[in-house]
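Only one structure is covered here, and it is reproduced in the block below.
The values are calculated or read from the model by the stated rules, or taken from the named source; none is laboratory data. Here the structure is a predicted model, which means the values were calculated and not measured. No Cβ is skipped: glycine too gets one built from the backbone with ideal geometry, and neighbour counts run over all protein chains shown.
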Amino acid sequence: MSAPATDSGLGARLAALRESISAAARAAGRDPQEITLVGISKRQPAHQLVAGVRAGVRELGESFAQEARDKLPEVLAELARAGLPIPRLHFVGRLQTNKARLVAPLFEVVHSIDRAELATELGRRAITAEKTLDGLLQVNVSGEPQKAGVSPEAAADLLEHCEAVSGLRIVGLMGMAAAAAPAERRHAFAHLRELRDTLAARCGHPLPELSMGMTDDYELAIAEGATIIRIGTALFGPRDPQEPQ
């Protein structure tokens with residue numbers, strides 16, 4: 001561990017976020033317990049992740065496969081030595097198919113499934129690791145060409161493929177709104193929720209999770225049914241500017 005696992009204000013930020021999440025849920029007539037906060041810890045040092053768990057973070061999200069491979073074993077070992085809970089690990093970033101081998105053994109949830117070949121490889125690697133991965137289909141509801149995700153029109157075909165992949169269990173959808181006015185962001189979140197409901201009816205079983213909403217728009221996402229929100233610097237503080245792979 002390269003630095004001591006100190007709090008550095010993280011506990012206070014976590015408490016403030018939880019209160020804000022609860023207020024947004026109550027305003028939408030929802031139970032705050034329905035909403036999972038995933039702390040996005042990409043480009044954060046290992047000791048900051050340990051500090052987060054010590055403060056009460058129970059779900060961690062990473063975006064870069066090689067960074068996670070190099071960092072998470074150190075984090076998990078330190079948590080075990082300290083007698084701290086092991087968090088549920090989410091992979092939330094764009095994922096190359098050839099890096100599924102790094103992700104499947106480490107993570108419990110993958111948010112960024114956007115093509116059939118990736119789903120197949122994740123399932124194969126999960127079986128090798130003797131586990132079943134929970135997966136979310138990433139849908140490009142904003143229509144922005146630079147954003148990853150299957151198109152809404154192709155999501156049903158991708159879900160059908162994923163339903164036949166052993167080692168993979170699809171539990172919902174993930175999406176990001178464009179950096180636009182609040183009304184446009186909320187419309188994108190509503191679109192994702194409606195698509196989720198349509199797909200659940202089509203496949204004949206619930207797809208309970210909607211991963212949508214980040215620091216700038218999680219309250220809008222909660223109003224439209226988000227069950228998972230992804231918060232990074234507002235929780236952990238500034239990131240290392242160097243971007244791993």
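Applying the set (1) part of a loop (DSSP other than H, G, I, E, B); (2) within 19 Å of the chain's Cα centre (by Cα); (3) small (Gly, Ala, Ser); (4) within 23 Å of ASN98 (Cβ to Cβ) to SER166 leaves exactly one unmet item: (2).
Of all residue pairs spaced 6 or more apart or on separate chains, those with beta-carbon atoms under 8 Å, a first member in the stretch 30-51 that is on the phi > 0 side of the Ramachandran plot and a second member that is modelled with pLDDT under 95 and assigned to a loop (DSSP other than H, G, I, E, B) are ARG43/ARG239; ARG43/ASP240; ARG43/PRO241; ARG43/GLN242; ARG43/GLU243; ARG43/PRO244. Residues that are over 17 Å from the mean Cα position of the chain (by Cα) and of a type in the set (Lys, Arg) occur at least once in the stretch 125-138. Going by the conditions given, is ARG196 in contact with an Asp or Glu (Cβ under 6 Å, 6 or more places away or on another chain), without any contact (Cβ under 8 Å) to a residue 40 or more places away in the chain and charged (D, E, K, R)? In short, no. Here GLU160 fulfils each of the conditions (1) without any contact (Cβ under 8 Å) to a residue 40 or more places away in the chain; (2) surrounded by fewer than 21 Cβ atoms within 10 Å (Cβ to Cβ) apart from (1). For the stretch 171-245, the helices (runs of 4 or more DSSP H) that sit wholly inside it and include 2 or more residues that are surrounded by fewer than 14 Cβ atoms within 10 Å (Cβ to Cβ) are 182-203. Summed over the stretch 95-140, residues that are over 21 Å from GLU209 (Cα atoms), crowded, with 21+ Cβ neighbours inside 10 Å and in contact with a Leu (Cβ under 6 Å, 6 or more places away or on another chain) total 1. Among the residues of the stretch 160-185, just one is touching a Lys or Arg at 6+ places or on another chain (Cβ under 8 Å) and closer than 18 Å to GLU121 by Cα, namely GLY167. Mind telling me which of the residues THR215, THR227 ends up being of a type in the set (Val, Ile, Thr), modelled with pLDDT under 95 and within 18 Å of the chain's Cα centre (by Cα)? Result of the check over THR215, THR227: THR215.
Just to be sure before I move on: is ARG230 over 30 Å from HIS161 (Cβ atoms) and in contact (Cβ under 8 Å) with a residue 60 or more places away in the chain in the structure I sent? Answer is no for this residue. Scanning the stretch 80-134 for residues being of a type outside the set (Val, Ile, Thr), under 19 Å from LEU37 (Cα atoms) and out of contact with any helix residue (DSSP H, G or I) (no Cβ under 7 Å at 6 or more places or on another chain) gives a total of 8.
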